[in-house]
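One structure below.
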Amino acid sequence: MGINVKLQAFEGPLDLLLHLIDKNKVNIYDIPIAMIAKQYMDYVAQMDKEDLDVVSEFLVMAATLLDIKSRMLLPREKKEDGEEEDPRAELVEKLLEYKMFKYMSYELRDRQVDAGRSFYRKSSVPPEVEAYKPPINLEELVGDITLSRLNAIFQEILKRQEDKVDSIRSQFGKIKKEEVSVAEKLKQVQDYLREHKKFNFREMLSSNSSKTAVIVTFLVMLELIKTGVVAAVQETAFGDIEITVVGDPDKVSEIAEA
């Protein structure tokens, strides 16, 4: 845990640097290191040497200033974009961060002082007074609104609720997956062919309970026509299709096995 040490008007090396920058009215982004370092060292020379922990913090900053000063005398290194690197950039960033927290501490201190001047007392209102609710005057509440007007407002609200409902999507049902066994459908077709040697295709499809069953039945009949078990005749376009059994209905089983 850090120890909060205050030396005269400065609370650490960064605080002293900010004081020197403000005192000399220099730009924090263009610090004259030589001048600031000399004034900084003059202050360190006057410090009490008994507290070595505190003095060491200021000496570390003094060494940092001397390092920055020496690097500024040498050719500066260049970044990847070709721009020269400023040896003071890291120090400037630390000073700005410290300055921000310093002024934030001032704001918190002022709030603490203002809060210390505020006093509150508990409510002295009796419980029966707090629980009291004035009676509602329905005539005053309704005013000039008649029953017909209230009904009109009610109907308007209902209309708004109806407008929020999609008239098309609201009629959509739930999509349910229907399992249709091909083997069972083939068995049904086989039984039907044994009982009816000639029949109307539409009548046969009407016995199916769903679209999926109709499709499966249609595919089975196409396969039967292809294999020559049945023959289909349609005399007119879009007319009824007449189915005649011309082969062995037992071949339906062979189709199922295939």
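Within the range 228-258, work out how many residues are at pLDDT below 80 and among the hydroxyl-bearing types (Ser, Thr, Tyr). Number satisfying all stated conditions: 2.
Sub-8 Å Cβ pairs linking a first residue in the range 190-210 that is assigned to a loop (DSSP other than H, G, I, E, B) to a second residue that is surrounded by fewer than 12 Cβ atoms within 10 Å (Cβ to Cβ), at least 6 apart or interchain, are SER210/GLU178, ordered by first then second residue. Across the range 219-244, the number of residues qualifying as under 12 Å from MET204 (Cα atoms) and loosely packed, with under 14 Cβ neighbours inside 10 Å comes to 1.
The single condition among (1) outside any helix (DSSP H, G or I); (2) modelled with pLDDT of 85 or more that ILE28 does not meet is (2). Residue check: ILE31 meets all listed conditions (1) surrounded by fewer than 15 Cβ atoms within 10 Å (Cβ to Cβ); (2) within 21 Å of MET100 (Cα to Cα) but one, namely (1).
Taking the numbered list (1) in contact with a Pro (Cβ under 8 Å, 6 or more places away or on another chain); (2) at pLDDT below 80 in turn, ARG194 passes all entries but (2).
Quick check: is even one residue across the range 135-147 modelled with pLDDT under 70 and in contact with a helix residue (DSSP H, G or I) (Cβ under 9 Å, 6 or more places away or on another chain)? Looking through the range 135-147, at least one residue is modelled with pLDDT under 70 and in contact with a helix residue (DSSP H, G or I) (Cβ under 9 Å, 6 or more places away or on another chain).
The values are calculated or read from the model by the stated rules, or taken from the named source; none is laboratory data. As the structure is a computational prediction, the values presented were derived from the model and not from experiment. All Cβ positions, glycine included, derive from the backbone under ideal geometry; neighbour counts span all protein chains shown.
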